Every structure is written in structure tokens, then in C-alpha cells.
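This report refers to the structure that appears directly beneath it.
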Amino acid sequence: MESHLQALTGYFSAHSGLALGAVFAAALLEALAVIGTVVPGSTIVFIGGVLVGLRALDAGGAAAAAVSGAVLGDGISFWLGRHHHERLRAMWPLRAHPALFERGQAYFALHGGKSVFLGRFLGPVRAIVPVIAGMSEMPVARFYAVNVLSAFAWAGAHLLPGMLFGASLQLAGAISSRLLILLAIVLAAAWLLSVLVRWAYRRGGPLLAYLRRRLVGWAGARVGVVPRVARSLFDPARPESAGLLVAAALLVGGVWLFLGILQDVVANDPLVRLDRLVFASLQGLRTAWVDDAMVTATELGSVAVALPVIAAVALLLALARCWRTLAYWLTAVGVAQALVWALKLTVERARPTALYRGVEQFSFPSGHAASSIVLYGFLAFLLARGRSARGRVVLTLAAALAIGLVSFSRLYLGAHWLSDVLASLSLGTAWVALLAIAYTRHGHGERVPPRALLFTALGTLAVAGVLQVAGHHRADLARYARAAPAPAVLLPDWRGAGWQRLPAHRTEIDGEADEPLALQWAAPAERIKAALAAAGWRVPAPWASRAALLWLLPSTPIGELPVLAKFQHGEPPRLTFERALDDRHRLVVRLWASADRVDVAGGGPSPLWLGMVTFERAERPAGLFTLVATEADYAAPVARLAQALAAAPSAVPVALRQRGDQPVLLVW
């Protein structure tokens, strides 16, 4: 990553005029009538900020380009409106967007001169409000005063985040690319969650309304307890019925997901093998800075912080004489903790790393995740009652952020498996949904003071969190430190019978045996690289943007394509080599470090590597692009590697063994 950042920085440092011109043009075009609705000016200005953060552009120059472009763009639009008035409606491109024109007029009529400032930040009207201001004969001096102020604010709102992001990229490149990978994972997860939420909102609303009509129709034609409960909960005439229906869906979905995860954990199904992959991947991405942040997050989700928050909220509810709400509050957190303990003692699943004693030594489910979703989820439910839709969304997002941060910290620090956290989140969602249904039906008579409740919870969380971090952070950093690698084990009689005790096949997430691990090599990494280089092998092309695009070309020789990673228990190969046979065929060696050591010549223990040798073939479907397939013949590649190593100028000792019908090559 460092080389890519340096190349990017170097190019734009040498061509700063090009970048500044792009920022100026983007700011100008985004403010032009109608054109600004389709030009991604904000994105380009943000990228300009990224370049400033990377020190490829001067901050003053970028700000001047963005501000002057924005001022000039709005000024041109204002001039058009002031000189052409209603004739603009018949001109292209305004005549193709009459609804946009009417929306801008309505916005200007509502906000007056302020709309010039506010409209610059609103996509639907940003490129039409200056035109309307000109048509309305807004005083020129007043318009330009607001225009310049809004341009400075708009430029800062887009350049500053870009500068921070660019600085973080430079820092990540200078320190460790793992930090950037971890950030990309978190951003991708957040993006996916937002997509799913928007999809659920668009698709789920009509579906839930349809199900509610069917359920109420079914209950209306029947008598009994269940139909009566269904009518009382989901009757569309009741204002709370929509919320109850959502809670019911969360209850059913949470229980279903929890039971599915529990079944997988008990039966050791593929989800458990995915646990190992996620654990190994996150441990490989750990850095000291992120460790510090994640330990802080996990401390904020600890019992030492949760208990004061629970007690403070309970005291406030008691002082407000909200006895029924107090009972629900204590039941919510008390039953959740009891369920966690009961499940831990029943399943008795070991943690990824030994961190605790007693009941806390067991991993399933995650107590931190369960207490967080119940504590913050039910608190957000109480605070959201009676608020506007926007207020409910803000509270939900804030609670989700806190819950997600605590839950991810448990995965990152290796305190829990992925299935532990998912089980806690699904169980907690179901429990909060059930409490919400019951409270909506029976707790509506009490008036909970929302502002006092919010400040009490936040204040207690801040005080308890600061005390916990101040008093225990150093010890917690030591507790959650990444586990040291297991000490090397000396494998006796490796060339005799010891090699047979090593894994025979590569294993991915599903637990099924994949390609045979037909290569065992006892030597330091540098000696392996030298031996293979002497035998005609080379390190394959690295993964980069250009190399990735080569897959889209049908004529790319296979030797120019990167080698696809294959995983052994969630770990990518540490060493990879290739030898092109022709434009469409190559041999590939992948090696994973073993925990074993061997003494092959009395010179002391040597690292032992396990690997696979495969033929890969380039395929070009319909002559459109290139794919690479692994051939199923695993014996011939091993023989070819043995011949190449034996015939190399600096030959290394080799020995072929037989395991069933598959040869195994020993090299030392």
C-alpha cells in the first residue's frame, strides 16, 4: 500500500494544476442550473481533500479552487435568473425538468434568502435555488454575501473530511496496511448494513402491512384467546399496531436465528468452522492502536460499567414513580443475564483464548454483546416513545453503533467466536422485542421523563466508563494482548515415519478435504526462495489494480495473472511461487508455515512448511475474459517439482514418499 500511496502522491504533486482544475470545475458545475443535479461535484471536492491529506495538494489552493468554483457557479445561475426570468422555463435544460423548477420556487418561498445558503447542501434544489433567487430580484449584494458564506461552508464540509481521510490513509500506509484493511472491513460492513436496512424499509413495510391485513382478517372470523390477542395487537385502527408488528417480526426472526446458531454450535456445523476463519483473520489484522481502541470499547460494555447505568436508570424511574417501567427495566437486564449464564453452563463452549475463570470461562453466548443489546436496545425503546420518526431513527442508530462497537471488540480481541456474538445479538433482539410488545400493551399509562432518562444514562455511562478505563486499561491491554505463537514442536524422525503424522489435505471453512498437502519442506524461507528461483520458479504478480484488470482480457498470458489465494484453516499461504509452462498453463506452489520443527542434518531445528503443488490452466469463455482453473491431477505437479529441484544448479535434497495413491515430496 505504501508504494501505491507514494505513486499517487507523486503524480498529483507533479500535476497539481490538473487536480486543482478538477476541483474548481466540479464546484462550478455542481452549482449550475440543472447541470448540478447530475454532476458529482461533492465527490470530486472530497477527493481533492483526500489529496490534501496525502500532501499531494496544497490546502490553500484546494480551498481557493472549491470556494471560487462554488461562488462562480451560483453567480452564473443567479445571473441567468435575473436576466431571463420566466423565459428560462422554455429553455433547455429547464424545460425538461418542470418539477425541479417548481420545487425550487416552493423552497425559496418558504425560506427566502436563507435558501441560497441552505440549498447549496441539499441535492434536489442546490442547482435551481440561485436561479429562483435571480428571478425573484433578490438584491445582488445580499445574494453574494450569502453566496460567498455558503461557498466557504460547503467547501469546508467536503474538503475537511477528505483531508482527514487522506491523512489516515497516509498514516496507515506508513505504519501498517492491516489498519487500512480493517477499516475497509468495518466500512464495508456498515455499507452492507445500511443497504439491508434501506431494503428492509422499502420491502418490509408493504409486506408487513399485507401480513397484518391477513392476520387481522383471519382473527376477525374466529373466536378464542389467540385470535383475540391478534386483534388487540395488530388491528390497523390502533396507532401502535405498526410498531407492534415490527416488534413481532423481530421477535420471530431473533428466535429463529438464535435457534439456528445454537444448532450449528452444538452440531459443529460449517458456522463453527467459519468462526475459526474470522478469528484467524482478525488476529492477523491486529495493531497496537486498534487494540487500544477495542479494549476501551470492550471496557465500556463490561459489567463494571453496565451496573452503574442500570442502577442510575432504576433510581430515576423510582424517583419518577414509574413503577411498572422500573419492573420492566430490571426484568430486561436481569433475565438477559440469567439466560447468558444458563446457556454458558449448558453449552460449556471454550473461548478462542483462555481469559477468565468460573462461568465466564465459557464462550457461548457473549455476555458483553447480550447485555449491550438489552441495555441500550431497551433504553432506546423507552426514549423513542412519543418522538418523531427522525428522533427514533437517531436513537436507533446511536444504540446500534454502541452495540456494534462492543460486539466487534469482542471478536477483534479474540474473546469470543463469531457465532457467540451473533447468538447474543439474535437472542437479545428477540428479548427486547418481546419486552417492547408487552410494554406497549401494558406500560403506556406511565410517563417516563425522556430528557432526564437520556442525561442520566449518558452521564452515568461517561463517569463509569472513565473510571473503568482509568483504573483497568493497562491490565486489560495485557489480558487481551494477542496470544504469542505456540512454541515450536520438534518432530522426530521426519524423513522416516514422522511426515505421515502431518495433515494430508488442505481444509477450508466447510471442513471438507480439498487438495492434498503433497509438499513438506524443512528450511528457512530464504533458502526456499533461493532454491525455487534456481529451479526456474518466481514470485507471481502481486494483486494490484492493473493485475486485476488483466482478468478482463481474453489474451492475457497466464504468467501475468496473480495467483488466487487458497486458505488452510483460514490462513492464506505465506509463500507462493509459479512457473509458467506456456501462455495457458503454469505450475503453482503454495506453502503454509507449520508449528513443527525438524532436525534434518544435526544442525539444529529448521522450520517446516506444508504446501501443495498444482497445475493451473487459463480458460477464456467465449473469448471474453480469462479464468484460471486448477487441474485435478495432483501427482504430476509433485513429480515435476521434484525433477526441477533435483536438476537445478544448486540442487537440494528431495525424497518422494507415497500416501495412498498420492505422492508426498519431502525437501530439506
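The values are calculated or read from the model by the stated rules, or taken from the named source; none is laboratory data. Computed from a prediction, not measured in an experiment: that's the story for all the values here. Virtual Cβ from ideal backbone geometry, glycine too; neighbours counted across all protein chains shown. Each accessible area value is taken on the protein alone, full model and side chains, heavy atoms only, with ligands, DNA and RNA left out. Shrake-Rupley method; radii C 1.70, N 1.55, O 1.52, S 1.80 Å.
Summary of computed values
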item	result
Ranked packing of 45-53, 247-255, most packed first, by mean Cβ within 10 Å	45-53, 247-255
Nitroxide proxy distance, nm - points 7 Å out along Cα→Cβ at Val394 and Trp289	3.1 nm
Simple label model, 7 Å out from Cα along Cβ direction - Arg482 to Arg214, nm	5.1 nm
Whole-Å distance, taken between Cα centres, linking segment 301-367 and segment 605-635	51 Å
Area accessible to solvent at Thr396, 1.4 Å probe radius, in Å²	80 Å²
Loop sites in segment 574-638: chymotrypsin sites (Phe, Trp or Tyr not before Pro), DSSP, at most 15 other Cβ within 10 Å	Phe625
Computed E for Thr331/Trp191 - FRET, C-beta separation, R0 25 angstrom, nearest 0.05	0.10
FRET E, pair Ala629, Ser650, Förster distance 41 Å, beta-carbon r, rounded to 0.05	0.80
Cβ crowding within 10 Å averaged over residues, with 413-425, 383-395 ranked highest first	413-425, 383-395
Extension gain (nm, one decimal) between Leu277 and Ala342, 0.36 nm per residue minus Cα-Cα	20.7 nm
Full-extension gain in nm, Ala639 to Ala462, via 0.36 nm per residue minus C-alpha separation	57.2 nm
Inter-probe distance in nm under a simple model that places probes 7 Å from Cα toward Cβ, at Tyr144 and Glu619	6.8 nm
Nearest-10 value in Å² for the accessible area of Trp79, using the 1.4 Å probe	130 Å²
Segment 319-364: C-alpha gyration tensor shape, a/c 1.5 cut-off, then a/b vs b/c	prolate
